[in-house]
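The values are calculated or read from the model by the stated rules, or taken from the named source; none is laboratory data. Fair warning: this is a prediction, and the values are worked out from it, not measured in the lab. Because the Cβ atoms are built from the backbone with ideal geometry, glycine has one as well, and the counts that use them run over all protein chains shown.
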Amino acid sequence: MDSILVTGNGPLSGQIPIAGAKNACLTLMPATLLSEDPLTLTNAPRLSDIKTMTQLLQSLGAEVSSLQDGQVLAMSSHDLTSHTADYDIVRKMRASNLVLGPMLARLGQAVVSLPGGCAIGARPMDLHVEGLEALGAEIELKDGYLHAKALGGLKGAVHEMRFASVGATENIVMAATLAKGTTVLKNAAREPEIVDLVNCLRKMGAQIAGEGTSTIEIQGVDRLHGATHQVVSDRIELGTYMLVPAICGGEVELLGGRKSLVESFASKLEEAGVSITETAKGLKVSRKNGPVTSVDVITEPFPGFPTDLQAQMMALMCTAQGVSVLEERIFENRFMHAPELVRMGAQIEVHGGTAKVTGVDQLKGAPVMATDLRASVSLILAGLAAEGETTVSRVYHLDRGYEHVVGKLEGVGAKIERIKSQ
Ligand code: UD1
């Protein structure tokens, strides 16, 4: 298995281009299943998760062509041949469950394996199931698969989610676009990826209002048509690279970044002493005077502090002046990076969903292991700030969500290389 070797070498400066959002692309791709006409996505990120979704859609009979070095995905679901999302593909990635709503809406049936993905908690599907049942689907769990049916078609309904799940909101909104009548989804998730999905669905002819708020109203239509849509910038990749100058010093411009995508995260960084300015091309982030100051963080659904930036923020807090408390409220098992950071000299105490981080003057390079996607990049950030060499193994987690991470960091002067396994 490949590993990444990072050698801390002081302040980093330059520009990093931000790719299209993995999590937006992973919900936009299944939207192709809703229509017989082609759907084309531009600004797609080049990631292994996108390849997994491509395989899944192809296994259902969709055509998916990757053009322009993977940045354009041309899809057609004219002739679907299957309504079963097989365990062998779904186990690799939880977002595979996003084919459930579209297949049910278009074909009246869907069989979807319960998902796998990062080992960051139980991650059940109950909220998806409850929402689709409210639209008239009959769903049962048999042999590890959800068997969903709505042979007479889905019907619009008023439904309030018990928790604002991102994936459940996406599945329910997609399903409701082809339901008879109006659906009102209350306590919906408000993430920018959902706004991006709705913008694309609207281009396909869907009638939707309220995205970005906690109530989304969908007026069902008979059919959706083709469209071309540009994937929104990846706010998690943006936040991750904003931490590069924060943790190493220097000044980095994130091309394509917007503050509105990372408002709560950016204000925490500013509170810690990092300077952030909007430029014509994106966001410029710099830290020039001494270490950052500790800040406390609580992860919450958007617009709160994103759970997907918690591990990276913890890496920064390991080098901050003072004591920081990070509380994880979205996933129950998301501090697996903490013991790895401790191997690098960090002082972290974890109690349940809370981590207390006491900043140290200097992290030290060490061999560490990536345990999930965001944990892996937090170890790279720590390695950039550490004295000596850090080897991060199990980098397949990183390949799921960060394109060209070595090239992007080399571009700002980092000493980083990928070591191919023999
Ligand atoms: C999405 C993101 C992921 C991010 C997460 C939270 C994608 C592909 N992934 O994941 O990167 O970390 O949002 O911002 O977009 N839950 C239930 N029942 C359900 C569904 C979820 O209990 O039916 C729980 C989960 O176990 C978790 C919490 O709700 O504790 C949040 O999950 P959810 O918002 O659904 O996240 P995902 O859509 O899986």
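Some notes on this structure:
- For segment 338-357, the set of residues classified as crowded, with 24+ Cβ neighbours inside 10 Å and modelled with pLDDT under 95 is empty.
- Test for G365: is it surrounded by fewer than 17 Cβ atoms within 10 Å (Cβ to Cβ), in contact (Cβ under 8 Å) with a residue 12 or more places away in the chain and of a type in the set (G, A, S): no
- Set side by side, the residues S275, S294 differ, and just one is crowded, with 18+ Cβ neighbours inside 10 Å and over 17 Å from G411 (Cα atoms), which is S294.
- Candidate set from segment 155-182 (those that are among the aliphatic types (A, V, I, L, M) and over 19 Å from Q109 (Cα atoms)); member that is nearest to the ligand (Cβ to nearest atom): V166
- Just one residue in the set S260, S264 is out of contact with any Gly (no Cβ under 7 Å at 6 or more places or on another chain) and among the polar types (S, T, N, Q); that residue is S260.
- Within the set E270, E253, the sole residue that is without any contact (Cβ under 8 Å) to a residue 24 or more places away in the chain, more than 16 Å from the ligand (Cβ to nearest atom) and not assigned by TED's automatic domain parsing to the domain that holds A105 turns out to be E270.
- Residue within segment 41-56 that is out of contact with any Asp or Glu (no Cβ under 6 Å at 6 or more places or on another chain), without any contact (Cβ under 8 Å) to a residue 24 or more places away in the chain and not aromatic (F, W, Y) present: yes
- Neighbours by Cβ (under 6 Å, 6+ apart or cross-chain): first from segment 227-242, surrounded by fewer than 24 Cβ atoms within 10 Å (Cβ to Cβ); second modelled with pLDDT under 95: none
- For G220, the conditions (1) closer than 26 Å to S113 by Cα; (2) of a type in the set (G, A, S); (3) in contact with a helix residue (DSSP H, G or I) (Cβ under 8 Å, 6 or more places away or on another chain); (4) more than 16 Å from the ligand (Cβ to nearest atom) are fulfilled apart from (1).
- Screening T307 with (1) within 16 Å of the ligand (Cβ to nearest atom); (2) crowded, with 23+ Cβ neighbours inside 10 Å; (3) not basic (K, R) gives one miss only, at (2).
- Residue among S324, S378 that is crowded, with 16+ Cβ neighbours inside 10 Å, assigned by TED's automatic domain parsing to the domain that holds Y402, under 22 Å from D399 (Cβ atoms) and small (G, A, S): S378
- Residue within segment 342-357 that is within 15 Å of the ligand (Cβ to nearest atom) and either more than 25 Å from E389 (Cβ to Cβ) or within 22 Å of the chain's Cα centre (by Cα) (or both) present: yes
- Close pairs (7 angstrom Cβ cut-off, 6 or more residues apart or separate chains): at negative phi and surrounded by fewer than 21 Cβ atoms within 10 Å (Cβ to Cβ) in segment 396-422, part of a loop (DSSP other than H, G, I, E, B) and of a type in the set (S, T, N, Q) anywhere: K415/N9
- All helices (runs of 4 or more DSSP H) inside segment 97-180 with 3 or more residues being more than 26 Å from R374 (Cβ to Cβ) and either modelled with pLDDT under 95 or in the same structural domain as Q207 (by TED's automatic domain parsing) (or both): 100-107, 126-134
- For segment 368-392, the candidate set comprises residues that are without any contact (Cβ under 8 Å) to a residue 40 or more places away in the chain and in contact with a Ser or Thr (Cβ under 6 Å, 6 or more places away or on another chain); within that set, the residue that is farthest from the ligand (Cβ to nearest atom) is M369.
- The lone criterion from (1) assigned to a strand (DSSP E or B); (2) surrounded by fewer than 16 Cβ atoms within 10 Å (Cβ to Cβ) left unmet by I4 is number (2).
- In this structure, K281 does satisfy being surrounded by fewer than 18 Cβ atoms within 10 Å (Cβ to Cβ) and over 20 Å from the mean Cα position of the chain (by Cα).
- Test: residue in segment 28-39 that is at pLDDT below 95, surrounded by fewer than 24 Cβ atoms within 10 Å (Cβ to Cβ) and away from the ligand (no atom under 16 Å from the Cβ): no
- Odd one out for R334 among (1) assigned to a helix (DSSP H, G or I); (2) modelled with pLDDT under 95; (3) surrounded by 24 or more Cβ atoms within 10 Å (Cβ to Cβ): (1)
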